[in-house]
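Read the structure below first, then the notes.
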Amino acid sequence: MSKKTMEQMQQEVDAYISQFKEGYFSPLAMLARMSEEVGELSREINHYYGEKPKKTTEAERTVEEEMGDILFVLICFANSLNIDLQKAHDRVMNKFNTRDKDRWTKKED
């Protein structure tokens, strides 16, 4: 399976959401969904890397699955606001590579 570009992922999510009359949620509802998914990721991180083991009655979920859920909601959020995530990523990386280029200690070669 070939890797998908961000544009392809945004198009794939849009094709999925577009088949439903309800379409994308409102920005406020989308933010609530994002918060919910980040909370689920937090719970999994706490189970795997923290001091709180899972209860035997809890369903088995993975950090990867929770990150996938967050990515899906983020793409929905971006699509609903007509944001190109590739462009957003490029702008952020430019900021880190310029403004923050000397912020951290670089590894020696």
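The values are calculated or read from the model by the stated rules, or taken from the named source; none is laboratory data. Quick caveat: nothing in here was measured; it's all calculated off a predicted structure. Reconstructed Cβ throughout: ideal geometry from the backbone, glycine too, with neighbour counts over all protein chains shown. Heavy atoms of the whole protein, side chains included, go into the accessibility calculation; ligands, DNA and RNA do not. Shrake-Rupley method; radii C 1.70, N 1.55, O 1.52, S 1.80 Å.
Subtracting the Cα-Cα distance of Met6 and Ala59 from their residue separation scaled by 0.36 nm leaves 16.0 nm. Express in % the proportion of alpha carbon pairs of the chain at distances exceeding 24 Å. That tail contains 46 percent of the Cα-Cα pairs.
Strictly over 32 Å apart at the Cα level, which of Lys55/Lys101; Lys55/Lys95; Lys3/Lys107; Lys21/Lys52; Lys54/Lys101; Lys3/Lys95 would you flag in this model? Exceeds cut-off: Lys55/Lys101; Lys55/Lys95; Lys21/Lys52; Lys54/Lys101. Around the amide H of Asp84, modelled in the peptide plane, lies no amide H under 5 Å away from a residue 5 or more places distant or on another chain. Share of carbon and sulfur in the accessible area of the range 19-77 stands at 61%, probe radius 1.4 Å.
Listed peptides 16-23, 98-105, 36-43 appear in the order 36-43, 16-23, 98-105 once ranked by packing, highest mean of other Cβ atoms within 10 Å at the front.
Using the average count of surrounding beta-carbon atoms within 10 Å as a protection proxy, the listed peptides 82-89, 67-74, 27-34 rank, highest first, as 67-74, 27-34, 82-89. Here the simple spin-label model places points 7 Å from the Cα toward Cβ, and for Ala29 and Met67 these points are separated by 2.9 nm.
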